[in-house]
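Take a look at the structure below.
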Amino acid sequence: IWKTASEINNNYFTVERSQDAFNYTTLATIDGAGNSNTILRYVYNDLEPVKGMAYYRIKQTDFDGQISFSN
């Protein structure tokens, strides 16, 4: 689950998972709102979790191709 307070030029989110916090695999792509000034909630459930420790991050991609990553 993650929320956005606002979105500008947001094309989509990519949910990624890693077992070593360095090499990530794409799990899902979720459409963004494009432009929004309201709080939006997004949900993804990992239906095939790995055993042991797993790290997740959200990659956000704009319509112009710029990307940013969650902490």
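What number comes out for accessible area per residue over the stretch 10-71 if the probe is 1.4 Å? Units Å², please.
71
Over the chain, what percent of the accessible surface lies on carbon and sulfur atoms, probe 1.4 Å?
Details: 2490 of 5070 Å².
So the carbon and sulfur contribution to the accessible surface is 49 percent.
Extending each Cα 7 Å along its Cβ direction at residue 54 and residue 42, get the distance between those two points in nm, one decimal.
1.8
The values are calculated or read from the model by the stated rules, or taken from the named source; none is laboratory data. Just so you know, these numbers come straight off a predicted model, no measurement behind them. So basically every Cβ, Gly included, is an ideal-geometry build from the backbone, and we count neighbours across all protein chains shown. Surface accessibility is based on the protein's heavy atoms, side chains included, excluding ligands, DNA and RNA. Shrake-Rupley method; radii C 1.70, N 1.55, O 1.52, S 1.80 Å.
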